[in-house]
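Structure first, commentary second.
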Amino acid sequence: MALETQVEGTEIGAGPGVGDFVALMKPRVMSLVVFTALVGMMAAPGGLHPVLGFIALLCITVGAGASGALNMWYDADIDRHMARTAARPIPRGLVSAGEALTFGTVLSVTSVLTLGVLINWTAGALLALTIAFYIFVYTMWLKRRTPQNIVIGGAAGAFPPMIGWAAVTGGVSIEGIVLFLIIFMWTPPHFWALALYRCRDYERVGVPMLPVVAGPDETRRQIVIYSLLLVPVAISPYFIGLGGLAYLVTSSVLGAIFLWLAVRVYRTREGREADRVAKQLFAFSIFYLFALFAVLLGENLAERLIAWGVFGGLTA
Amino acid sequence: MTAKKDNKMTAAQTEAERVKRQRLRSIAIAVGLAVLVVLFYAATIVHLGGNALNRPL
């Protein structure tokens, strides 16, 4: 299809390149999905053959990418008016909306069926639920209707470690739910910190993010409330045997810093300084989640190496 | 003005670029399908394990 007749401001009229389709899958979001799903798989009791583990991880990654493409298809009308999203492939006219829809749908169906057939249907069903939740519940229903959009919609981003866990165990247990809850509780303060300094963007396109609807002060209050809920949930893996002492220390120290930053956001309400502390919290929240899951992964790897006698062999 | 001229691709350049991108997309689809075949084959072998050879003749 000749794109130059379709979209004004198209950069090139030669059709989409492979890289444009990769960009549709939101690679940065995918990297966090891969990582959290991997931690879910590694933390689960028992084991999965490395080949099957690789397949499970690939399916979860592709499924997440597919939902990203479908999200970009649906949100193309507002993406082109927001600074953060204007450079996405559809607003730039590099990929047509129809191509994005087909791409996302084919990858969604393929990833779910492959995960279900080759690994197990609990994981397959959870992946299908994740994609459906992100597209139908978050993108189509909640995002443009309620300031609670990212609170409820955040569940979609919280499923990957649970899917990883289910891929290994074939079921859902309290540990998988706790991993889910950490990301679920982390999402609101993370996104609201971003929304505080991107408020005008959301306002312009009519997305009712909390700062737009309830104002920045209420958003700051909610950030503190959700941070207070997040920190104990993030420490809880230690108490159910999912994390060890290193995890307890890391989650406590980083949790204290998270709370301190949230309180700074609450107190700093005027001028550039307000934007600066919100950006600080946003950046730290990404590091926080990454660090928590990295420590869980590190502890688990160390346990496995000890179980295999690697350290014993070295010290003997 | 020069920059504006540079930004405009000629019809021949656009056609060549379109053909190139079409070919790359086709290769990407072929690679994707080949990967899928390999994954199904590998997973089948893993699921069967040693049982593939353990059957009465």
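The values are calculated or read from the model by the stated rules, or taken from the named source; none is laboratory data. Computed from a predicted structure; not experimentally measured. We place every Cβ from the backbone using ideal geometry, glycine too, and count neighbours over all the protein chains shown. Each accessible area value is taken on the protein alone, full model and side chains, heavy atoms only, with ligands, DNA and RNA left out. Shrake-Rupley method; radii C 1.70, N 1.55, O 1.52, S 1.80 Å.
Some observations on this one:
- Highest-fluctuation residue, A:GLY244, A:GLY40, A:GLY17 considered, GNM on chain A with Cα pairs under 10 Å: A:GLY17
- More than 19 Å apart - percent of Cα-Cα pairs taken over region A:18-172: 51
- Per-residue shielding of B:42-49, expressed as the average number of other chain Cβ atoms within 10 Å of the residue Cβ, stands at 4.
- Alpha carbon centroid spacing (whole Å) that separates region A:18-80 from region A:126-202: 13
- Gyration tensor (alpha-carbon) shape descriptor, region A:107-259, a/c threshold 1.5: oblate
- Per residue of A:116-124, other chain Cβ atoms within 10 Å of the residue Cβ number 1 on average.
- When A and B come together, around 1400 square angstrom of accessible surface is lost from both chains combined, probe 1.4 Å.
- ³J(HN,Hα), Karplus 6.51/-1.76/1.60, whole Hz, each residue of region A:63-76, x for Gly, Pro: x, 5, x, 4, 5, x, 5, 5, 4, 5, 4, 6, 8, 4
- Whole-Hz ³J(HN,Hα) from phi, Karplus 6.51 cos²θ - 1.76 cosθ + 1.60, for region A:164-177, glycine and proline x: x, 4, 5, 4, 7, 8, x, x, 10, 9, 4, 5, x, 5
- With every protein chain in place, region A:174-309: carbon and sulfur % of accessible area (1.4 Å): 64
- A Förster radius of 30 Å combined with the Cβ-Cβ distance from A:ILE306 to B:VAL46 puts the calculated FRET efficiency at roughly 0.70.
- ³J(HN,Hα), Karplus 6.51/-1.76/1.60, whole Hz, each residue of region A:202-216, x for Gly, Pro: 5, 4, 4, 9, x, 7, x, 5, 3, x, 6, 7, 9, x, x
- Peptide-level mean, for B:35-41, of C-beta atoms on other protein chains within 10 Å: 2
- Rg and Dmax of the protein assembly as shown, based on Cα coordinates, read 23.2, 82 Å.
- Rg/Rh for region A:174-309, where both radii come from Cα atoms and Rh is the Kirkwood radius: 1.07
- Heavy-atom accessible surface of the protein assembly as shown, averaged per residue, reaches 50 Å², computed with a 1.4 Å probe.
- Between the alpha-carbon centres of region A:261-284 and region B:8-47 there is a gap of 45 Å.
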